[in-house]
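Peer 1: I'd like to ask some things about the structure below.
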Amino acid sequence: MASTYLSRTNTTPTSAYKYTFSAWVKRGELATRGQFFRVINPADTAAYTFVEFTAGDLIGYNEYDGGVNSIGGQTNAVYRDSNAWYHIVFAVDTTQATGADRGKLYVNGVQITSLQNTTTGAQNQTVTATYSGKDANVGGDPVGSGATRKFGGLMAHVHFCDGYTYDASAFGETDATTGIWKPKTAPSVTYGTNGFFLKFENSGSMGTDSSGNANNFTVNGTMTQTIDTPSNVFATGNPLAQLSVGTLSNGNNTITGSNTTNYYGFISSTLGMSSGKYYAEFKKISGNDAIDIGISDNPNCSGVNASDYLGVGAYQWSYGGSGNVRNNGSSSAYGNSYTDGDIVGVALDLDNNKLYFSKNGTWQNSGDPESGATGTGAISITAPTSTNTGIYHFAFGDNSSSSFGVVSANFGNGYFGTTPVASAQNPDDGIGIFEFSPPTGYKALCTKSINAQEYA
């Protein structure tokens, strides 16, 4: 949502003193200030409400009346996991006599009490978030300096309750089997006059309010619907596991090379694999042919030199734009070259320790990913248990010292950048959307499929 936000104008509120904001968010940009909820009057920017990730990767909040009263603070803990969905709740009730009770922050079901730079405001302070005529924005603020603070990431299950305060348990609960905090898809809450519930389930009308209030939002920019949800997390490129690869965008699934003197580098997927069969796709958008797509056992690039590229390591294999395969620094002929617009499929069989690459749906080297232990046309790889980490990750990058193109990954989310795949093919379990049909038995790299394969 880094260039997109939703907006609507508040009407006369249910309450001038109470509200609750709840949302599930997944970070795409780290070390960048991003406000995922903001209420402000374009004609009077002195009074505002916001909940955000700070440039220091803290969670910050502020309810400011434009005078001397402010309910604000920041966490001491940092939140840098770009693979996780965080459930964040900010509840305000200025009628409370005790200052600490006027603003409460919850993360993943737990109230955060370790805070810094806190202010508690005044009792019966009029709040900005519900004030009539103020603009409520989800995903960022379009006004003034706020225009550079849009949230770069994903959002789901966004609730706002005007006139009512709830703790996190109203919107989430602990799964009895896994012990993981999960959303309540139909929470029993009262929304009040300016309240709303954004499900983002209608791709043609992403601002639709499902609270019953018809407080629909205007979509500003292009919003992409995703099947990456708190209930099933898909892999992305990991911003904490990249090596000199340039700028990440589109939920960390697109790499755009940087203008530096050294373009070598690669990025690993957030999720890794130790058994089972997995499939992913990568589209070369633009640039030279020195592109690398493959796998690596090195999830955080530790011990890798800044001048290294995918395939230098002993437990790395890459299919380059020239058509060669590289492993342990050695390159050998393998398949056809690929260029702008081509889609490379990667099939990783960790039951038989085989690796296959396709170009636009055709398996290279006459490969057959469904051949099992026979490994027809396969590249034989080291068993995960014998690698440095015991886990493989999908990886993508470049091996050029002079220039870098643009590459987009699809781990099953169904998009290359902001463009949906044309044919919408699914794996056997129906989880994931790809341009080309995954081989029988291969899954998308997401938490549901990992759990099914790793613990079958």
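The numbers here are math on the coordinates, done by the rules we state, and not lab data. Since we're looking at a predicted model, the values are computed, not measured. Using ideal geometry, Cβ is built from the backbone for each residue, glycine included, and neighbour counts are taken over all protein chains shown.
Peer 1: Work out the length of the dipole vector of the range 237-454 about its Cα centre, built from +1 on the beta-carbon of each Lys and Arg and -1 on the beta-carbon of each Asp and Glu, and round it to the nearest 20 debye.
Peer 2: Roughly 160 debye for the range 237-454.
Peer 1: Right, here's the next one. Rg/Rh for the range 55-129 to two decimals, with Rh computed the Kirkwood way over all alpha-carbon pairs.
Peer 2: 0.99
Peer 1: Using a Förster distance of 41 Å, how high is the FRET efficiency between D351 and T113, based on the Cβ-Cβ distance and rounded to 0.05?
Peer 2: That gives a FRET efficiency of 0.30.
Peer 1: Oh, and also: Calculate the radius of gyration of the Cα atoms of the range 110-226 to one decimal place, then report Dmax, the largest Cα-Cα distance, as a whole number, both in Å.
Peer 2: Cα-based Rg and Dmax for the range 110-226 come out at 16.2, 47 Å.
Peer 1: Out of Y191, A16, H159, whose Cα points farthest toward the positive end of the dipole of the range 5-220 (charges: +1 Lys, Arg; -1 Asp, Glu; placed on Cβ)?
Peer 2: H159
Peer 1: At a Förster radius of 35 Å, what calculated FRET efficiency corresponds to the Cβ-Cβ distance of T148 and Q225, to the nearest 0.05?
Peer 2: The calculated FRET efficiency here is 0.90.
Peer 1: Sticking with this structure for a sec: Between rounded, prolate and oblate, where does the range 5-220 land on the alpha carbon gyration tensor, with a ≥ b ≥ c its root eigenvalues, rounded for a/c under 1.5, else prolate if a/b exceeds b/c?
Peer 2: Rounded.
Peer 1: Turning to a different aspect of this structure: Under 15 Å from the Cβ of D101, count the other residues' Cβ atoms, weight Lys and Arg +1, Asp and Glu -1, and hand me the total.
Peer 2: 0
Peer 1: Starting from the Cα gyration tensor of the range 237-454, take the square roots of the eigenvalues, sort them a ≥ b ≥ c, and report rounded, prolate or oblate (rounded when a/c is under 1.5, otherwise prolate if a/b is larger than b/c, else oblate).
Peer 2: Rounded is the answer for the range 237-454, as its axis ratio a/c remains below 1.5.
Peer 1: If you don't mind, another one. At a Förster distance of 56 Å, what's the computed FRET efficiency of N360 paired with S188, Cβ-Cβ distance as r, to 0.05?
Peer 2: E between N360 and S188, to the nearest 0.05, is 0.65.
Peer 1: For the range 198-204, what does the Karplus curve 6.51 cos²θ - 1.76 cosθ + 1.60, with θ = phi - 60°, yield as ³J(HN,Hα) per residue in whole Hz, taken in order and with x for Gly and Pro?
Peer 2: Residue by residue, the range 198-204 yields 9, 8, 6, 8, 9, 4, x Hz.
Peer 1: While we're looking at this one, here's another question. Calculate, in nm to one decimal, what S437 and A100 gain on full extension: separation in residues at 0.36 nm each, minus their alpha carbon distance.
Peer 2: Extra length from S437 to A100 when fully extended: 115.8 nm.
Peer 1: Given 0.36 nm per residue, what is the gain on full extension from T382 to T12 after removing their alpha carbon distance, in nm?
Peer 2: 126.7 nm
Peer 1: OK, next. How high is the relative contact order of the range 5-220, given as a whole-number percent (alpha carbon pairs under 8 Å, six or more residues apart)?
Peer 2: 29 percent
Peer 1: Based solely on its DSSP helices, what 222 nm [θ] is calculated for the chain when runs of n ≥ 4 H residues each add -39,500 (n - 2.57) and the sum is averaged over all residues, nearest 500 deg cm²/dmol?
Peer 2: Result for the chain, helices only: -500 deg cm²/dmol.
Peer 1: Taking N as the number of residues in the chain, what is its Cα Rg relative to 2.2 N^0.38 Å?
Peer 2: 1.05
Peer 1: Could you work out the relative contact order of the range 64-125, using alpha carbon pairs under 8 angstrom and six or more residues apart, expressed as a whole percent?
Peer 2: Reported relative contact order: 44 percent.
Peer 1: Determine the sum of side-chain charges near G361: Lys and Arg each +1, Asp and Glu each -1, restricted to other residues whose C-beta is under 11 angstrom from that of G361.
Peer 2: Result for the local shell: -2.
Peer 1: By the scheme Lys and Arg +1, Asp and Glu -1, what is the net charge of all other residues having a beta-carbon under 15 Å from that of G432?
Peer 2: Net charge in that neighbourhood comes out at -2.
Peer 1: Moving on to the next point. Compute the length gained on full extension between N336 and N451: take 0.36 nm times their separation in residues and subtract their Cα-Cα distance, giving the result in nm to one decimal.
Peer 2: 37.9 nm
Peer 1: How high is the relative contact order of the chain? Use alpha-carbon pairs under 8 Å, at least six apart in sequence, and give a whole percent.
Peer 2: 15 percent
Peer 1: Which value in Å does the Kirkwood hydrodynamic radius of the range 328-386 take, with 1/r averaged over all unlike C-alpha pairs and then inverted?
Peer 2: One decimal place: 12.3 Å for the Kirkwood radius.
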